[in-house]
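Each remark here refers to the structure printed beneath this line.
Coordinate-derived values only; no laboratory data. These numbers come from a predicted model, not from an experiment. Positions of Cβ are backbone-derived with ideal geometry, glycine not excepted, and every protein chain shown enters the neighbour counts.
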Amino acid sequence: MASYLTQEDVQNFGHELVDFSQRAAVHAVAPHLQELERQNADLHARLARATKLNLELALDRAVPNWREIDRNPRWLHWLAGRDVGVRYFGASTQNICSAATRLQRGELWAAERSATCTHRAGVS
């Protein structure tokens with residue numbers, strides 16, 4: 001983070017006034033920062049719920065009995081297995097699938113963010 005105060009500022013105004021000014025500034029903006037942090041956490045939670053719902057809706061369309069499959073012991077055993085994952089990636093199949101899902105979410109978010117920023121900037 002950039003420092004907006006210089007050693008010259010401290011020499012001109014004194015350490016006590018600079019310290020007081022910094023504490024006053026923090027006191028003034030702290031409630032706003034806390035509210036932004038709360039809103040950010042709320043948006044993350046809403047995004048997670050929406051992402052899960054969209055995934056489930058897509059699965060409902062593509063594989064109508066996916067919930068039954070997801071509870072199948074053979075499927076769960078395969079996911080927990082390490083034969084495919086370890087051979088190629090050194091991790092369980094479930095960990096590989098989870099990592100791929102996280103990566104896809106990140107790529108989708110980045111693409112959506114880029115499109116939104118491009119649109120707002122008036123770039124086509």
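Summary of values
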read-out	value
P(r) of region 1-64 over all Cα-Cα pairs, binned every 10 Å from zero, in whole percent	17, 23, 18, 15, 12, 9, 5, 0
Label-point gap, in nm, between L103 and L36 - each point 7 angstrom along Cα→Cβ	3.3 nm
Potential lengthening between T6 and Q94 on full extension [0.36 nm per residue; Cα-Cα distance subtracted]	26.5 nm
Stretch gain in nm, segment L76-V18, where the contour uses 0.36 nm per residue and the Cα spacing is subtracted	14.8 nm
Calculated FRET efficiency for the pair V26/A48, C-beta based, R₀ 22 Å, to 0.05	0.10
